[in-house]
Amino acid sequence: MSAIQYEKNADNIVILTLDSPNQSANTMNADFRVALEDIVSRLQADAEISGIIFRSAKKTFFAGGDLDELIEVEPDHATAFFHMIEEMKAKLRYIETRGIPVVAALNGTALGGGWELALCCHHRIALNDTKAKFGLPEVTLGLLPGGGGIVRMVRLLGLQNAFPLLMEGKQFSVDKAKSLGLIHDIVETEQELLDKAIAWVKSNPISQQPFDVKGYKIPGGDPKTPAVAQVLAIAPAILCDKTKGCYPAPEAIMAAAVEGAQVDVDTALTIESRYFTYLATSQISKNMIGTFWHGLNAIKSGASRPKDIAKWKARKVGILGAGMMGAGIAYATASKGIQVVLKDVSIEAAEKGKAYSQKLLDKKVSQGRLSAEKRDQVLSLITATAAAEDLQGCELIIEAVFENPELKAKVTQEAENYLIDGGVMASNTSTLPITGLAKASKDESNFIGLHFFSPVDKMQLVEIIKGKNTSNETLAKAFDFVQQIAKTPIVVNDSRGFFTSRVFGTFVQEGLRLLAEGVHPAKIEMAALKAGMPVGPLAIQDEVSLTLSEHVAAETRKALQAEGKDLPRSAADDVIESMIHQFNRKGKAAGAGFYEYPEGGKKHLWAGLSHWKKDLEISEQEMIDRFLFVQALDTLRCYEEGVLESVVDANVGSIFGIGFAPWTGGAIQYLNQYGLEKALFRANTLEAKYGERFKAPQLLKDKLHSGEKIS
């Protein structure tokens, strides 16, 4: 069966129905390319055609490029890949320039290649579906729109209006597409969709793209127009400041857009193909496709969830502690229609926690993203209370109180009395071992860790921690709940600091070590940003608070000593101690840390950090390597030790949980793409210079010896 069904009606209108035979969604795969070649041959042989309509037999219109194919394209395939792309675009260009009307009947989402196919049409009609999304998100996978998307979006919208949609991969709704002029009509039913498409063809017997009309000018002007030229003079610098040189895709998109706007359409399409080939054959796109597409899809499909256990839905959830974390979890839960009991020691504290949801919801209402009625519905689901009895009937209770084992034990024992039979008791601890906390529970098999990240409303990851006695049923329920509130779950085994907190700590401590060594703090922060981390280690330490880090280290040291072990002090510990006890600088919340926080002004590094200044000469690349390797090697240790059970969870968790450089595809993929032999050599070099924290795990050596990637 062909991926494109050909039908000509009594009016000589050809209706091309997209229906990939081997996939649930239409993509620009080999089947599509073969079918397109056949279709164009038939169109060329028929002079009686009065118009063309593209429609879909799938639930959506067209999903985009085939990422399974794209991830396999290697540098030595570049020439063949370029010609394949050019040939496909030439066929679409033939359809576009035949001179007869071409309509896209969009029954649902059209992203990437699907939206590019729609842009090849002269007229676009969409079904009024609030779930439908349009746009070109290729940049989020290290790619650019290679099917003509850049060329056509720039010509239809102008450079300045197209840039955010292209370089940020923004997706937009039917209404937004209509307001941009990219959708021309909206209908309510699929029959109306086809009827209107046919009617438009009949009303426009001679048709072409607006930008193919002689004398057409790009909205806002081409790159030589003074106003545009002025913007373009500074745009590359702004972009470079944003990407820190880690992401070639936005730079390639800007270049293809600007260069393409100065030449004819066909030349612009070729320019776009060259940049697309450059990105598709690069390692960065493979890193990002592997994690942001294949990895996330594996998690969504339940790869880490116990099998053969029925899906579960929470209807009533209790949250203990209405501080920032508890309030955030309450918001995330109620937003998905789940009843929440938010308990604190006083009704005032609980109400303050509920007010956090009110604030977030009010903001959405003011932005037109939410109705006042919907806001009130969400708020009505949150019961703020100081009475434990209100937890009666909860199927899941999450404690989010201060990181103190005795306090956590106390609130667990009080709350568990009100859990339904078989209900789940969870801790939002970020460092304390779950097996130890579970001892306070009536039934350790029903106890689990649910580690949310702050701010909960923005952070997508939830780290699910299994205690030694946590049952598979409890794990499955926890996994289902995280997905129910639209978060991304990773599953890890119990250990102090688990995975994310443990590895995140290595990044922050490396920054503090560099400061102690005498490196200028501004250089430390910039090196972290150039490595691809979202924030520098000193800024992050301020956000976490120095006093909390000191407290966690003290508690960890105390717990280890009880086990007959020790946690040696490091230069990072000495820096924190001096900042708190010598300089009274405890972090952002206290108004003073590594940064100054002037009221109404921009934060800046504290001049007193010169206390550690030694004018040490160290290259920026050396610092970048230290930041990335210290995290990647410890992530691999977590996998080797069984804290992590899958490389997918490691890569996704490292990016979404600790901000590990997204361009790498994650902490373990960083080592794979670096090359295991080179990675081992670099780790050995860093260990010799800086110590045991850079010691290569045995697993790295074993994989190198066997010739396998870490998987």
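The values are calculated or read from the model by the stated rules, or taken from the named source; none is laboratory data. Since this is a predicted model, take the numbers as computed values, not measurements. In this analysis, Cβ positions are derived from the backbone assuming ideal geometry, glycine residues included, and neighbour counts consider all displayed protein chains.
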For this session: Say whether the condition of being surrounded by fewer than 19 Cβ atoms within 10 Å (Cβ to Cβ) and basic (Lys, Arg) is met by at least one residue in segment 665-679.
Result: yes
Exercise. Quick check: is even one residue across segment 338-357 basic (Lys, Arg), assigned by TED's automatic domain parsing to the domain that holds PRO455, at pLDDT 95 or above and within 26 Å of the chain's Cα centre (by Cα)?
Worked result: no
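Quick test for you: out of LYS214, LYS196, LYS178, pick the one residue that is surrounded by fewer than 16 Cβ atoms within 10 Å (Cβ to Cβ) and assigned by TED's automatic domain parsing to the domain that holds GLY260.
Just one listed residue meets the conditions, LYS214.
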Problem set entry | segment 390-401, residues that are touching a residue at least 40 places away in the same chain (Cβ under 8 Å), in a loop (DSSP other than H, G, I, E, B) and surrounded by fewer than 21 Cβ atoms within 10 Å (Cβ to Cβ) | GLY393
Seminar exercise, completed: Flagged in segment 634-681 as part of a loop (DSSP other than H, G, I, E, B) and of a type in the set (Ser, Thr, Tyr), in numbering order, are SER646
Exercise. Which of the residues spanning segment 626-652 are charged (D, E, K, R) and more than 17 Å from ALA696 (Cβ to Cβ)?
Worked result: GLU645, ASP649
Problem set entry | Number of the exception - SER495 against (1) in a loop (DSSP other than H, G, I, E, B); (2) within 23 Å of ALA327 (Cβ to Cβ); (3) hydroxyl-bearing (Ser, Thr, Tyr) | (2)
Exercise. Given the residues ALA3, ALA63, ALA35, ALA30, which is the only one that is under 29 Å from the mean Cα position of the chain (by Cα) and crowded, with 18+ Cβ neighbours inside 10 Å?
Worked result: ALA63
Exercise. Within segment 219-235, is even one residue assigned by TED's automatic domain parsing to the domain that holds SER56, more than 32 Å from the chain's Cα centre (by Cα), free of Cβ contacts under 8 Å to residues at least 24 places away in the same chain and not in a helix (DSSP H, G or I)?
Worked result: yes
Exercise. THR506: at pLDDT 95 or above and hydroxyl-bearing (Ser, Thr, Tyr), yes or no?
Worked result: yes
Exercise. Is it the case that some residue within segment 590-606 is surrounded by 20 or more Cβ atoms within 10 Å (Cβ to Cβ) and among the small types (Gly, Ala, Ser)?
Worked result: yes
Exercise. What is the residue count in segment 364-389 for residues that are surrounded by 14 or more Cβ atoms within 10 Å (Cβ to Cβ), part of a loop (DSSP other than H, G, I, E, B) and among the small types (Gly, Ala, Ser)?
Worked result: 1
Exercise. Does segment 104-126 include one or more residues that are of a type in the set (Asp, Glu), out of contact with any Phe, Trp or Tyr (no Cβ under 6 Å at 6 or more places or on another chain), in the same structural domain as VAL14 (by TED's automatic domain parsing) and over 25 Å from ILE13 (Cα atoms)?
Worked result: no
Seminar exercise, completed: So, first residue closer than 15 Å to VAL552 by Cα in segment 571-582, second residue charged (D, E, K, R), Cβ within less than 6 Å, six or more apart or across chains; the pairs are ALA572/ARG513; ILE576/GLU550; ILE580/LYS586
Exercise. Of the numbered conditions (1) in contact with a Pro (Cβ under 8 Å, 6 or more places away or on another chain); (2) more than 17 Å from ALA90 (Cβ to Cβ), ILE52 satisfies every one except a single condition; which is it?
Worked result: (2)
Problem set entry | Candidates GLN631, GLN561, GLN541, GLN621 - the one that is within 30 Å of ALA298 (Cβ to Cβ), part of a helix (DSSP H, G or I) and of a type outside the set (Val, Ile, Thr) | GLN631
Exercise. Can you find a residue in segment 456-470 that is surrounded by fewer than 24 Cβ atoms within 10 Å (Cβ to Cβ), over 28 Å from ARG693 (Cβ atoms) and in contact (Cβ under 8 Å) with a residue 40 or more places away in the chain?
Worked result: yes
Exercise. Only one of LYS442, LYS487 is touching a strand residue (DSSP E or B) at 6+ places or on another chain (Cβ under 8 Å) and of a type in the set (Lys, Arg); which?
Worked result: LYS487
Seminar exercise, completed: LYS170 passes all but one of the listed conditions (1) touching a Gly at 6+ places or on another chain (Cβ under 7 Å); (2) at pLDDT 95 or above; the exception is number (2)
Problem set entry | Every residue from segment 403-420 that is loosely packed, with under 13 Cβ neighbours inside 10 Å and either of a type in the set (Lys, Arg) or under 30 Å from ALA554 (Cβ atoms) (or both) | GLU406
Problem set entry | Matching residues, segment 634-647, being aliphatic (A, V, I, L, M) and surrounded by 24 or more Cβ atoms within 10 Å (Cβ to Cβ) | LEU636, LEU644
Exercise. Which condition number in (1) in contact with a strand residue (DSSP E or B) (Cβ under 9 Å, 6 or more places away or on another chain); (2) under 15 Å from ALA322 (Cβ atoms) is the one that GLY423 fails?
Worked result: (2)
Problem set entry | Single unsatisfied condition, THR130 versus (1) at pLDDT 95 or above; (2) within 33 Å of the chain's Cα centre (by Cα); (3) not acidic (Asp, Glu) | (1)
Exercise. Could we say that GLU645 is of a type in the set (Asp, Glu) and either at pLDDT below 95 or under 23 Å from GLY295 (Cα atoms) (or both) here?
Worked result: yes
For this session: Tell me, yes or no, whether segment 446-455 has at least one residue that is of a type outside the set (Lys, Arg), under 19 Å from LEU644 (Cα atoms), part of a loop (DSSP other than H, G, I, E, B) and under 27 Å from the mean Cα position of the chain (by Cα).
Result: yes
Exercise. When the residues of segment 514-549 are filtered to those that are surrounded by fewer than 20 Cβ atoms within 10 Å (Cβ to Cβ) and on the phi > 0 side of the Ramachandran plot, which remaining residue is modelled with the lowest pLDDT?
Worked result: SER545
